[in-house]
1. Step by step: first the residues of the stretch 30-77, then only those that are of a type outside the set (S, T, N, Q), in contact with a helix residue (DSSP H, G or I) (Cβ under 7 Å, 6 or more places away or on another chain) and surrounded by 15 or more Cβ atoms within 10 Å (Cβ to Cβ), then the one that is nearest to N223 (Cα to Cα). Which residue is that?
2. Within the stretch 195-211, is there a residue that is touching a residue at least 60 places away in the same chain (Cβ under 8 Å) and over 28 Å from T46 (Cβ atoms)?
3. Check R155 against each of (1) surrounded by fewer than 12 Cβ atoms within 10 Å (Cβ to Cβ); (2) in a loop (DSSP other than H, G, I, E, B); (3) among the charged types (D, E, K, R) and name the one condition it does not meet.
4. From R204, R155, grab the single residue that is at pLDDT below 95 and under 19 Å from L94 (Cβ atoms).
5. For the stretch 48-94, what are the residues that are assigned to a loop (DSSP other than H, G, I, E, B), touching a residue at least 60 places away in the same chain (Cβ under 8 Å) and among the hydrophobic types (A, V, I, L, M, F, W, C)?
6. If a residue must be assigned to a helix (DSSP H, G or I) and free of Cβ contacts under 8 Å to residues at least 12 places away in the same chain, how many such residues does the stretch 108-128 contain?
7. Output the helices (runs of 4 or more DSSP H) that fall wholly within the stretch 164-234 and possess 2 or more residues being closer than 20 Å to I58 by Cα, or say none.
Amino acid sequence: MKKIIVLLLVLSVNVLCAQSRVNKVMDSFVSESEKLTSFIGWDQNTGTGKWIDNKNVIHHKICPDYWVSRIEQNLDWLQVKTLIKNKVKYYVFLYERQSGNYRYPNIRKDWENQKNTHFFVLTATEYNSFKSSIELKDGVSFIVTSKIQGYVTDRFHSLGGSSLYNEANLLAKINNEIDSPSYWSYNMVFNSQLTDGLEVVRFRLPSKSDMEKDYIKTSYFENRYDAFKVLLID
């Protein structure tokens, strides 16, 4: 009889401890803006003082296509998406840029191109403050700061699984970063103004530098306000 009771107790404990394999549910995007795909990168050459313009890249010289992936401030497209996590709404700046690595970094040989999709996340309050500042068009540069940022890359796409360059892995990375933000703050600088009779928006991609307000004076991406405002979603 005692053996039966002990056996029943063991079985009961095992039942209580048993767990099914349940996939973690990732919060998904709930809305999105159109993508911006065309930008003029302006940079004032410090030697000649001449302003140099390039398509989708900021560089102090005319930048050939094969060199773009080596320049930090380059941009293929920019978009804003929203997601709701734990009943909190977040606005996610997404942008794809070209990057790369040397196959043999010790001797800096055989550069291999790759694509990265970066994210820069704001709360609804932070995003609405950004919108209000952009809509002023007063020519005053302002900084937007976030500790929730990161990227996914296609460098290891062929390995499959968590290395795939797709939205599922991007969302997983964003969710994880919201749960455990970076120690470092990243800054994204903007400026909207009326210049030469046109309403324009100028900006730079996120950086850890505290000097972004100085950098944007001579180095920035520029869009017509009418094009840029597709990012100003509710």
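1. Taking the stretch 30-77 and keeping what is of a type outside the set (S, T, N, Q), we get 30, 32, 34-36, 39-43, 47, 49-53, 55, 57-68, 70-72, 75-77.
When the remaining residues are screened for being in contact with a helix residue (DSSP H, G or I) (Cβ under 7 Å, 6 or more places away or on another chain), the result is 34, 36, 57.
Okay, now just the ones that are also surrounded by 15 or more Cβ atoms within 10 Å (Cβ to Cβ), so 36, 57.
Numbers: L36: 9, V57: 13 Å.
If we take residues in the stretch 30-77 being of a type outside the set (S, T, N, Q), in contact with a helix residue (DSSP H, G or I) (Cβ under 7 Å, 6 or more places away or on another chain) and surrounded by 15 or more Cβ atoms within 10 Å (Cβ to Cβ), then L36 is nearest to N223 (Cα to Cα).
2. yes
3. Unmet for R155, out of (1) surrounded by fewer than 12 Cβ atoms within 10 Å (Cβ to Cβ); (2) in a loop (DSSP other than H, G, I, E, B); (3) among the charged types (D, E, K, R): (1).
4. Working: R204 fails: at pLDDT below 95.
Being at pLDDT below 95 and under 19 Å from L94 (Cβ atoms) holds for just one of R204, R155, which is R155.
5. Correct list: I58, L75.
6. Within the stretch 108-128, the first condition is being assigned to a helix (DSSP H, G or I), and the residues that meet it are 124-128.
If we keep only those that are free of Cβ contacts under 8 Å to residues at least 12 places away in the same chain as well, we get 125, 128.
Qualifying residue count for the region: 2.
7. Values: elements: 167-179, 212-215, 225-228.
In the stretch 164-234, the matching helices (runs of 4 or more DSSP H) lie at 212-215, 225-228.
The values are calculated or read from the model by the stated rules, or taken from the named source; none is laboratory data. Since the structure is predicted, the reported quantities are computational estimates derived from the model, not experimental observations. Cβ sites come from the backbone with ideal geometry, for glycine too, and all protein chains shown count toward neighbours.
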